[in-house]
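What follows is one structure encoded as structure tokens, with my remarks underneath.
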Amino acid sequence: MDFNIAQSYIEKLPTFEDLKIVPKIQELIAQYSEEIVSEYLKEIVNKRHKKIAGAKSIESIKNLDYSFDYYIEKLKENLIIEKGRPVKEILNCLGTIYSKYIGEKIYSEEIINDFKMVFTSYNNLEYNEEKGIDADIDIEINNLFSQIIKGKDFVLLNNLTSAIYLLIETIFKESNIIIGLPETIYLNEKIGINEIIKKLSSNVRIVGYLNKTDIKDYENAIDPNKENVIIYSEMFENNIDGIKRVDLSELENLKNTKVIYITNKAYYETDSMEIKNIGINFLDVVNNFSDLKILELSKLGSFPETGIITGDRDIISKVKENSLYKMFSPNRETKIIFYLTFKMYLEKKYNNIYINKCFSITNDELKKRNRKFVRNLEREIGEYVEIGFFNGNYMTLDDSMNKIYNFEREVIFIKPKTLDTAKIEKRLRNGSESILCWIMDKVLVFNLQLLSDASEEIIIENLSKIFLENKL
């Protein structure tokens, strides 16, 4: 078959990255883990690619199913057949909000339902009744952003790395770029900020030390013959004990310099003091910090992973004119989830956002829930176990983060008198509902922070079944 014809059909195929963020596949990731789903999804994508590339005639491929549903159903088949277990609910008793074990991104039920509506019926993202034409999701997002940005503009990109790369490549490639050593952090995209910039410019100066960086280090690095740009970041990754950094306000007061402020610690709106204590208010950042900002809102805002550049309209306009802009733009599914999340915040429904729900129960409220749970559990299996409580930093935002971002919570421990703890944990994990808990010193540890009342009943039922089946 002609190469160009085959290539035209290959271009219809969704990429692995496109498929991974589809909500139904996100649900499978939450149930089976990202590693397992990624393994089978890549295999399905590669097989479909090879089938088209090796086709002898157009008739053998023109009627293939090119929809996302094909990949979702094929993935389900593989997971059920090859793993020998059905898709099931996960009950997260780990106390970890975003975890590689249960799927790194979780959205609220309302957002998932709204997302499904976009693809099953006409709505304001699909159809404009007055004009009778498809509405542009970019315009819809822009309409929301314009409500909060004062005299500035923005551009939405697929991740933080893309945002840093595109801004430097478009505007500051020939500038003298100054980076304090504490800013040379390694991002989740598996690359360091300094590495991104060094790929684009030879005019990079890294100044200071980890344990001492002074304003004079920046002053001495300024080149009077060039435009000077300082990279300053407030990231989860660079909040490490012992690092001494220069305040942003001092850098902004330096003459003949511009500051690019980068953060992934922004939250949009929350009632949780714990989120506020570790985060930075999004509205404060976009309206009060340096002229140029690069923001990532997935951790404390529960947005999909993206990179947002905000700044003067002329700079943002130049970024959008860059030939790389479209390549670095998020896909449509990501944009729609971003829009729906943003819309919930602006409609003051922020307590329904996943991250805010996770923090809606205080430690004192959790203790009351724990005692009720233990009373019910003791009635069922009290003679077979020792049950108690202990406190510690047992609620985690992300299992890849520094432990300084853990939160104190009371957890429940269950110590079997006769049965093997590891076998109980394995049976809970592999049951019809997958119950995930910790094992510490031969005791089972449960954090109920992220569970509903119905989920607690399921845990008690499963534990009762295990112990009563094995009673001596």
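Readers should treat all values here as calculations from the given coordinates under stated rules, not as data from a laboratory. A quick note: this is a predicted structure, and the numbers were derived from the prediction, not measured. We place every Cβ from the backbone using ideal geometry, glycine too, and count neighbours over all the protein chains shown.
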Check your understanding: For the pair ARG427 and GLU365, how long in nm is the line joining their label points, each one 7 Å along Cα→Cβ?
Key -> 3.4 nm
Check your understanding: What pairs in LYS198/LYS403; LYS62/LYS343; LYS24/LYS417; LYS226/LYS403; LYS335/LYS368 have C-alpha atoms more than 32 Å from each other?
Key -> LYS62/LYS343; LYS24/LYS417; LYS226/LYS403; LYS335/LYS368
Point to revise | Inter-probe distance in nm under a simple model that places probes 7 Å from Cα toward Cβ, at GLU43 and ASN393 | key: 4.0 nm
Study note, to complete from the structure: What the 20 Å binned alpha carbon P(r) of the chain shows, as percent of pairs per bin from 0, is 20, 48, 28, 3, 0
Revision key, fill the gap. Per the 1/(1 + (r/R0)^6) rule, R0 = 56 Å and r from the Cβ atoms of ILE460 and GLU11, FRET efficiency to 0.05 is 0.60
**Study point:** ASN256-LYS415 pseudo-label distance in nm [points 7 Å out on the Cα-to-Cβ vector]
**Key:** 6.9 nm
Check your understanding: At a Förster distance of 35 Å, what's the computed FRET efficiency of ASN220 paired with ASN402, Cβ-Cβ distance as r, to 0.05?
Key -> 0.70
Check your understanding: Roughly what % antiparallel, to the nearest 5, for the DSSP beta bridges in the chain?
Key -> 50 percent
Check your understanding: What percent does the relative contact order of the range 363-469 come to when contacts are Cα pairs within less than 8 Å and at least six residues apart?
Key -> 28 percent
Practice item. Set the Förster radius R0 to 56 Å, insert the Cβ-Cβ distance between GLU195 and GLU386 as r into 1/(1 + (r/R0)^6), and round the FRET efficiency to 0.05. Key: 0.60
Check your understanding: Normalised by the number of residues in the chain, what is the relative contact order in percent for Cα pairs under 8 Å and 6+ residues apart?
Key -> 17 percent
Check your understanding: Residue separation times 0.36 nm, minus the C-alpha to C-alpha distance between SER323 and LEU64: what's the value?
Key -> 90.0 nm
Exercise for review: Work out how much length MET273 to ASN143 would gain on full extension: take 0.36 nm times their residue separation and subtract the Cα-Cα distance, in nm to one decimal.
Suggested key: 43.8 nm
Practice item. Could you check what % of the DSSP bridge pairs in the range 227-339 are antiparallel, to the nearest 5? Key: 20 percent
Exercise for review: Please compute the Cα-Cα pair-distance distribution of the range 118-352 with 10 Å bins starting at 0, giving whole percents from short to long.
Suggested key: 7, 31, 35, 19, 6, 2, 0
Check your understanding: Got a sec to turn the phi values of the range 39-46 into Karplus ³J(HN,Hα) couplings, 6.51 cos²θ - 1.76 cosθ + 1.60 with θ = phi - 60°, whole Hz, x for Gly and Pro?
Key -> 4, 6, 5, 4, 5, 5, 4, 5
Check your understanding: Under the rule of -39500 (n - 2.57) per DSSP H run of 4 or more residues, summed and divided by the residues of the chain, what mean residue ellipticity at 222 nm is obtained, to the nearest 500 deg cm²/dmol?
Key -> -12500 deg cm²/dmol
Revision key, fill the gap. Between the residues LEU444, ASN370, MET395, the Cα farthest towards the positive end of the dipole of the range 363-469, that dipole coming from +1 and -1 charges on the beta-carbon of Lys, Arg, Asp and Glu, is from LEU444
**Study point:** Rounded to whole Hz, the Karplus (6.51, -1.76, 1.60) HN-Hα couplings of the range 198-207, x for glycine and proline
**Key:** 5, 5, 9, 9, 8, 9, 10, 10, 9, 10
Check your understanding: In whole angstrom, how far apart do the alpha carbon centroids of the range 327-404 and the range 208-257 sit?
Key -> 36 Å
